[in-house]
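Right, one structure below, let's go through it.
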Amino acid sequence: MASFSSSPFALFLSLLSLLFPFISSSTSTTTIPLTLFNTKNPSQDLYGKLTHLASISLARANYIKKSQDSSVSTTPLYPHSYGGYSITLLFGTPPQKIDFIMDTGSNFVWFPCTTKYLCSNCSVSSSSSHTIPTFIPKSSSSSRVLGCLNPKCGWLHSRTNPKSRCQDCESRTNCKQVCPPYIILYGSGSTGGLALVETLDLSNKKVPNFLVGCSIFSSQQPAGIAGLGRGLASLPSQLGVEKFSYCLVSHRFDDTGKSSNLVLDFSDSKKSAGFSYTSLLKNPVVPGKNGLSVYYYVGLRKITVGGEKVKIPYKYLTPDSNGNGGSIVDSGTTFTYMNRGIFDPVLNAFVKQVKGIPRTESIETSTGLGPCFNFSGHKTLSLPELKFHYKGGAEMSLPLANYFSIAGETDVICLTMITDSAFGPELSTGPSIILGNFQMQNYLVEFDLKNEKFGFKQQVCK
């Protein structure tokens, strides 16, 4: 989830004036390729990769928990060692191809923009000469800066009304003021720029006047973000999608070019064959915590390890009146996060059932993962099954590769889930469980927005 800020500052506005000299004035489905996105050196070892993914997963969890405020189209979806999955979309006239990280935990779509785009700590490969592709508004005849009185401006700046936001407008019919700049804060970075209305060119239809952010600076954001959350500015909301689905290829194929698909369905609201379904729950409505309205809440009611129920206090499983508790599905998180009150009983269940194999606490400390077991000298290794039980009876029995991973070149295997730092207080605000993409590998998942259902089935994604 991201938060927006419209705090103006002189340098930012002066940059905008230089970069935007013009600011004063089918079928039923679309399929989009989906891939994993890489920001690290491809030669990075697995141990380093696990440590990095644990770190960014915890950073994102910390931010989410603190957050206050034709009918089918198919698009390829690619996996990357960054820990996220990317899609490619076409914007502008003529169309310009731009990569986006798919994110069900935020609700805004933005791309790196203009030839002056600046990004700090945004390495995407080992090559220092690599440049991030950007959208060039001057090369598109359909690019328009969003006006201040346009209702879509309120999607970005919902905390201000048009009267206070657009004080320089002479009248409601004669206003040349643009929508104020946005600044978006993420768990591991930020971005800022101006909002545009632009043509989105899908494989089977053109969508004019699509709200998209033209970011001129970013930090730790190596690509644009395609927000698929519940907000008005998200990709599904703007397109009027009835449901969308994706299948996440294994992280074994990071940066190989192997992809699956993001499918946007504009009309088919029937249940899909072979799926297990649970309800998408109503989002908590809490004054001052508008950010909670973006997430996809699901009713995770029970966790079993090796067939034994883990004792979890009820307060963690259902949001309270302050919006604390409950579970969300977040494609932008890599490793599933659990509050310490949930994680510790899960960890203890594994430790209890894994007999004769010692823990390696030094690796647990250095990676942020745990428990970790040293299976050196063992010809076979038996680990308990992890199963999520959802409201309505749906069960997700995770494959072993979705919740344990080898730690580098060692004979150590670690649980790929995270919790709050052992050196800090428990974060009791926001969702208690954030279901990440690592646990969803080789699952076809479906968000049925019309019928308020979350569906899934295990299959090899390709």
Gly323 vs. criteria assigned to a loop (DSSP other than H, G, I, E, B), among the small types (Gly, Ala, Ser) and in contact with a Leu (Cβ under 6 Å, 6 or more places away or on another chain) = yes
Tell me which of these Ser158 doesn't satisfy, since it passes every other one: (1) part of a strand (DSSP E or B); (2) open to solvent by 20 Å² or more (accessible area, probe 1.4 Å); (3) of a type in the set (Ser, Thr, Tyr).
-> (1)
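The rows are residues; the columns are (1) modelled with pLDDT of 95 or more; (2) acidic (Asp, Glu); (3) outside any strand (DSSP E or B); (4) closer than 17 Å to Val305 by Cα.
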| site | (1), (2), (3), (4) |
| --- | --- |
| His378 | no, no, yes, no |
| Phe388 | yes, no, no, yes |
| Met396 | yes, no, no, yes |
| Ala401 | no, no, yes, yes |
| Gly408 | no, no, yes, no |
| Gly424 | no, no, yes, no |
| Leu427 | no, no, yes, no |
Can you pull out the strands (runs of 3 or more DSSP E) entirely within the range 185-242 that have at least 2 residues that are open to solvent by 10 Å² or more (accessible area, probe 1.4 Å)?
-> 189-201, 206-219
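When you scan the range 290-297, do you find a residue that is outside the structural domain of Ile98 (by the TED database), outside any loop (DSSP other than H, G, I, E, B) and within 26 Å of Pro399 (Cα to Cα), even just one?
yes
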Considering every residue within the range 261-268, establish whether at least one is β-branched (Val, Ile, Thr), more than 25 Å from Tyr85 (Cβ to Cβ) and open to solvent by 10 Å² or more (accessible area, probe 1.4 Å).
-> no
Looking at the range 24-68, which of its residues are surrounded by 16 or more Cβ atoms within 10 Å (Cβ to Cβ), under 30 Å from Arg159 (Cα atoms) and modelled with pLDDT under 65?
-> Ser67
Exactly one of (1) part of a loop (DSSP other than H, G, I, E, B); (2) β-branched (Val, Ile, Thr); (3) at pLDDT below 90 is unmet by Thr115. Its number?
-> (3)
When you look at Ser171, is it under 15 Å from the mean Cα position of the chain (by Cα), modelled with pLDDT under 85 and among the polar types (S, T, N, Q), yes or no?
-> no
Hey, does the range 336-346 have a residue that's within 30 Å of Leu89 (Cβ to Cβ) and either in the same structural domain as Thr380 (by the TED database) or modelled with pLDDT of 90 or more (or both)?
-> yes
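Please work out if Val285 is among the hydrophobic types (A, V, I, L, M, F, W, C), modelled with pLDDT under 95 and open to solvent by 10 Å² or more (accessible area, probe 1.4 Å).
Yes.
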If we ask which residues in the range 122-147 are part of a loop (DSSP other than H, G, I, E, B) and either within 16 Å of Leu211 (Cα to Cα) or at pLDDT 85 or above (or both), their number turns out to be 8
Hey, among the residues in the range 350-369 that are in a helix (DSSP H, G or I) and β-branched (Val, Ile, Thr), which one's farthest from the chain's Cα centre (by Cα)?
-> Val351
Candidate set from the range 288-317 (those that are polar (S, T, N, Q) and at pLDDT below 95); member that is farthest from the chain's Cα centre (by Cα) = Asn290
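Can you tell me which residue among Glu198, Glu242 is within 21 Å of Ser140 (Cβ to Cβ) and among the acidic types (Asp, Glu)?
Working: Glu242 fails: within 21 Å of Ser140 (Cβ to Cβ).
One residue alone meets the criteria, Glu198.
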For the range 381-396, state whether one or more residues are touching a strand residue (DSSP E or B) at 6+ places or on another chain (Cβ under 6 Å) and among the small types (Gly, Ala, Ser).
-> yes
Candidates Val445, Val460 - the one that is outside any helix (DSSP H, G or I) and either farther than 22 Å from Asp103 by Cβ or open to solvent by 60 Å² or more (accessible area, probe 1.4 Å) (or both) = Val460
Does Lys379 satisfy the criteria of being in contact with a Gly (Cβ under 6 Å, 6 or more places away or on another chain), outside the structural domain of Val249 (by the TED database) and open to solvent by 30 Å² or more (accessible area, probe 1.4 Å)?
-> no
Tell me, please, whether a residue that is under 30 Å from Val286 (Cα atoms), among the small types (Gly, Ala, Ser) and under 18 Å from the mean Cα position of the chain (by Cα) can be found in the range 387-398.
-> no
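The values are calculated or read from the model by the stated rules, or taken from the named source; none is laboratory data. Everything numeric here is computed off the predicted structure, so don't read it as measured data. Virtual Cβ from ideal backbone geometry, glycine too; neighbours counted across all protein chains shown. In case anyone asks, the SASA skips ligands and DNA or RNA and just uses the protein heavy atoms, side chains included. Shrake-Rupley method; radii C 1.70, N 1.55, O 1.52, S 1.80 Å.
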